[in-house]
Amino acid sequence: MAQSAFVTGGTGFIGINLIERLVNQGWNVTALHRATSDLTYLKRFPIELAEGTITDKDSLERSIPERTDVVFHVAGDTNFSSEKAIRELGYRIQPMEVAVKDNYDWLVKEGLLGQSG
């Protein structure tokens, strides 16, 4: 049985490339997108599209398929203004809370701009 992935940020540079690689490796992929997103590139792939937003926990819970093996959280705000730094934290926390609550085996998250280990 193929592994399944839920991807946030699928319309962005990292997300599109991640989805392409997952599909090429035989994964079943569901990509979260905002209602206003340009889906031109996502529609090239045989994936499920889920409308929602990472800032709304309810839409996340509705969007993530029940049988999801891995949540790839690669969405974020690419605006570099300092006012948006607080909002960026919310972008990181909501999907992680949902993934932990629903007991997904894996959560893969990319880092923040300027973050170091």
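The values are calculated or read from the model by the stated rules, or taken from the named source; none is laboratory data. Note that the structure is predicted; figures quoted are calculated from it, not measured. Cβ placement follows ideal geometry from the backbone for every residue including glycine, while neighbour counts extend to all protein chains displayed.
Residues of the range 35-48 being free of Cβ contacts under 8 Å to residues at least 24 places away in the same chain and not polar (S, T, N, Q), which ones?
A35, K43, R44, P46, E48
Go through the range 1-34 and count every residue that is free of Cβ contacts under 8 Å to residues at least 24 places away in the same chain, under 15 Å from A75 (Cα atoms) and either out of contact with any Ser or Thr (no Cβ under 8 Å at 6 or more places or on another chain) or surrounded by fewer than 19 Cβ atoms within 10 Å (Cβ to Cβ) (or both).
Counting residues in the range 1-34 that are free of Cβ contacts under 8 Å to residues at least 24 places away in the same chain, under 15 Å from A75 (Cα atoms) and either out of contact with any Ser or Thr (no Cβ under 8 Å at 6 or more places or on another chain) or surrounded by fewer than 19 Cβ atoms within 10 Å (Cβ to Cβ) (or both) gives 3.
Name every residue in the range 6-20 that is under 10 Å from the mean Cα position of the chain (by Cα) and aromatic (F, W, Y), in order of residue number.
F6
Within the range 1-34, restricting attention to residues that are modelled with pLDDT of 95 or more and in a loop (DSSP other than H, G, I, E, B), which residue is farthest from S63 (Cα to Cα)?
Result: Q25.
Go through the range 37-62 and give me each residue that's surrounded by 13 or more Cβ atoms within 10 Å (Cβ to Cβ) and in a loop (DSSP other than H, G, I, E, B).
S37, L39, Y41, F45, I47, G52, T53, I54, T55, listed by residue number.
State yes or no: is R92 modelled with pLDDT under 85, surrounded by 15 or more Cβ atoms within 10 Å (Cβ to Cβ) and over 29 Å from M1 (Cα atoms)?
Taking the combined requirement at face value, the residue satisfies it.
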